[in-house]
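J.: My structure is below; once you've seen it, I'll send some questions.
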Amino acid sequence: MQEFARRSQNESIKMNKTAVIIISICLTILFGVPLFFQVDMVEPGFDAKKVIIISPHNEQIRHEFGHGFSVWHKNKFNEEVKVVWSVPGGTSEIRRMLQSQYAHAIESGEEPGGEADLVFGGGSYEHGVLKKKIIKNFDGEEVSTTITIPAPIEPQLLQQVYGENVIGDITLYDPDGYWHGLALSGFGIVYNNEVLAELGVESPQGWEALCNPQMFGKLALVNPAQSGSVTTAFEAILKNLGWKKGWQVLRRAAANARYFSASSLKPPADVSQGDAAMGICIDFYGRYQSQAVKSSGGGERVGYIDPPSATMIDPDPISLLRGAPNKAIALRFIRYCMTPEAQALWQFSAEEEHQDGLGPDTFDLRRMPVRREMYSKYMDRMVDKVNPYETAKPAPYPDRNMRTFIAPLFSAMAMDYHHELVEAWGAIIRHPSYPKTISLITSTDVSDPVLKEMLLEFDKMPKFETDLHNEISMNTTENRKVLKYGWLRDGWKDEGLWSPEDHGIQEFRRVAARFFQNQYQTVLYTKE
């Protein structure tokens, strides 16, 4: 750090004390992470070729694809190869880490990348962000780079694997080649049948089950700011139920929540153990937990459901990093992941005999393959008899701008004043006139004037000031586009709406949080 400080002084870069502290912390993280790639991952004396992969995937997926690629590569190229995994966190954390690394490289005048070859796993949104330009200043000039680069895949192979580049209304691979989907992910509810039976509650059939007052204090949720998969799950709720109804469901789910975990792995585990009755999760986490319980003698204690016609299918991609030190092997890994051998790992059972070489080595992964022909050729060998290409449909409320609001708005609505949210929701569901139903109940569903007013105040959403100094709501697609540019993308940073040293998204969250706190207090005043 001292060397960096001296170099900074020579370049006449002015930094205040706070900036120095922040940079010190960032450099520790940034340069500590690459070391993690190398430690205890390659056996001493191992001199074979390797590929270094950053991934949020669990140990089971890493084992199957690491083992499978090594076998495939030996058979095809007669060369030993080693997959070196780095698992620094979830997809959102990986993206932020890489953004910091590549931005620092530009500002230091260094060639970006060189520490890893691929990013494998996460949703299409996060991989789409990785292809966007990072623009910084170096030596008085504007310099830009992207974190990922296009992977050259032959059109014939793309057609063979994907066919039409769409499922529902989602693309399966980036048309410019920056990312390619390798599996398909759905999003839904994992639940504990034993806990629900004790409560006298039926298994969930849709997202509205999260609103059930009997779930009070019994839901397991994840902070969307820390999980790309959970953000996509929330996005599925908004796109399928609509902005207004979607947030009504999410607010009640948050009010029923025991906690907001930083890890998307926690809700399935807690539901399995009976510490929570339900949780929102990505499909393969729910299915895998259900399988693990059944395999250990737990029977049908844990279940999982994709809410019918109300979820979304998202590809789980792989991307080639700029500056990949083992680019040739990395491209081979991408092509391997598209083969029937690799695609069979997602859904075939490890217990069956693999006379044709198709199937996992040890684990049932319970994920949906992206290669279309797998469903027509091998459906009888799949653990889950589900064909997403037949069931996926375009969302009834498509809006690409919805996603950007999820993390700041959910944080303000559900996490910043969770105690007040829980108190307000508790007052509503304990009201003598609250219907005894598991359905979503809003002000239009009740006649009692006090309860009606409480629900009306509970469901209100904030408005935000524009550059024209008028306030607009987030209820329309057009307004969300305007507010996204102005507040969340700092488009109005010179309009005096927030401090010049701040960012619009942070003030957006604070404004929203103050609004929600006031509404929850109003609910409590109304009941009296």
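The values are calculated or read from the model by the stated rules, or taken from the named source; none is laboratory data. Bear in mind that the values here come from a model prediction, so they are computed numbers and not experimental data. Here Cβ is always computed from backbone atoms with ideal geometry, including for glycine, and neighbour counts include all displayed protein chains. Side chains are part of the model used for accessible areas, which takes the heavy atoms of the whole protein and leaves out ligands, DNA and RNA. Shrake-Rupley method; radii C 1.70, N 1.55, O 1.52, S 1.80 Å.
J.: Only one of these is within 28 Å of Thr231 (Cα to Cα) and of a type outside the set (S, T, N, Q): Pro155, Pro175. Name it.
T.: Going through Pro155, Pro175 in turn, the sole match is Pro175.
J.: Follow-up question, since we're still on this one. So Arg367 passes all but one of these: (1) under 28 Å from Tyr259 (Cα atoms); (2) out of contact with any strand residue (DSSP E or B) (no Cβ under 7 Å at 6 or more places or on another chain). Which condition number does it fail?
T.: Going through (1) under 28 Å from Tyr259 (Cα atoms); (2) out of contact with any strand residue (DSSP E or B) (no Cβ under 7 Å at 6 or more places or on another chain) one by one, Arg367 breaks only (2).
J.: Okay, next question. So, restricting to helices (runs of 4 or more DSSP H) that lie completely within the range 352-464, which ones have at least 1 residues that are open to solvent by 20 Å² or more (accessible area, probe 1.4 Å) and over 30 Å from Trp72 (Cα atoms)?
T.: 388-391, 402-410, 418-429, 449-458
J.: Taking the condition within 21 Å of Arg335 (Cβ to Cβ) and part of a loop (DSSP other than H, G, I, E, B), does Glu115 pass?
T.: No: the conditions fail for Glu115.
J.: So, one more: Restricting to the range 86-133, count the residues that are in contact with a Gly (Cβ under 6 Å, 6 or more places away or on another chain) and under 21 Å from Ile282 (Cα atoms).
T.: Of the residues in that region, 5 qualify.
J.: Condition (residue is within 21 Å of the chain's Cα centre (by Cα), open to solvent by less than 10 Å² (accessible area, probe 1.4 Å) and at pLDDT 95 or above) applied to the range 282-294: is it met by at least one residue?
T.: no
J.: Then there is this: Identify the single condition in (1) at pLDDT 95 or above; (2) surrounded by 17 or more Cβ atoms within 10 Å (Cβ to Cβ); (3) within 22 Å of Leu241 (Cβ to Cβ) that Ser473 does not satisfy, given that it satisfies every other one.
T.: Looking at each condition in turn, Ser473 falls short on (2).
J.: Which residues, taken from the range 60-112, are in a strand (DSSP E or B) and open to solvent by less than 20 Å² (accessible area, probe 1.4 Å)?
T.: Matches in the range 60-112: Val81, Val83, Val84, Ser86.
Yes/no per residue for (1) more than 12 Å from Phe405 (Cβ to Cβ); (2) in a helix (DSSP H, G or I); (3) touching a Phe, Trp or Tyr at 6+ places or on another chain (Cβ under 7 Å):
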site: Trp487; (1), (2), (3): no, yes, yes
site: Leu497; (1), (2), (3): yes, no, no
site: Ile505; (1), (2), (3): no, yes, yes
site: Phe508; (1), (2), (3): no, yes, yes
site: Val511; (1), (2), (3): yes, yes, yes
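J.: Looking for something under 30 Å from Pro213 (Cα atoms) and among the basic types (Lys, Arg) - is there at least one such residue anywhere in the range 419-442?
T.: yes
J.: I'd like the full set of residues that are free of Cβ contacts under 8 Å to residues at least 60 places away in the same chain and open to solvent by 40 Å² or more (accessible area, probe 1.4 Å), limited to the range 299-340.
T.: The one that is free of Cβ contacts under 8 Å to residues at least 60 places away in the same chain and open to solvent by 40 Å² or more (accessible area, probe 1.4 Å): Ala328.
J.: Please give the number of the condition Val119 fails out of (1) among the aliphatic types (A, V, I, L, M); (2) at pLDDT below 95; (3) under 30 Å from Met312 (Cα atoms).
T.: (2)
J.: In the range 132-152, how many are closer than 26 Å to Met312 by Cβ and buried (at least 18 other Cβ atoms within 10 Å of the Cβ)?
T.: Total meeting the criteria: 3.
J.: Just to verify a result, which residue in the range 153-170, among those that are farther than 23 Å from Arg332 by Cα and touching a residue at least 12 places away in the same chain (Cβ under 8 Å), is most open to solvent (accessible area, probe 1.4 Å)?
T.: Among those that are farther than 23 Å from Arg332 by Cα and touching a residue at least 12 places away in the same chain (Cβ under 8 Å), it is Asp169.
J.: Filter the range 34-59 down to the residues that are modelled with pLDDT under 95 and open to solvent by 50 Å² or more (accessible area, probe 1.4 Å) and list them by number.
T.: Leu35, Phe36, Gln38, Val39, Asp40, Glu43, Pro44, Gly45, Phe46, Asp47, Lys49, Glu59
J.: Filter the range 497-510 down to the residues that are surrounded by fewer than 17 Cβ atoms within 10 Å (Cβ to Cβ) and under 27 Å from the mean Cα position of the chain (by Cα) and list them by number.
T.: Asp502, His503, Gln506, Glu507, Arg510
J.: Right, another one. So which residues in the range 180-228 are open to solvent by less than 30 Å² (accessible area, probe 1.4 Å), within 28 Å of Gly168 (Cβ to Cβ) and in a helix (DSSP H, G or I), if there are any at all?
T.: Those that are open to solvent by less than 30 Å² (accessible area, probe 1.4 Å), within 28 Å of Gly168 (Cβ to Cβ) and in a helix (DSSP H, G or I): Trp207, Ala209, Leu210, Cys211, Pro224, Gly228.
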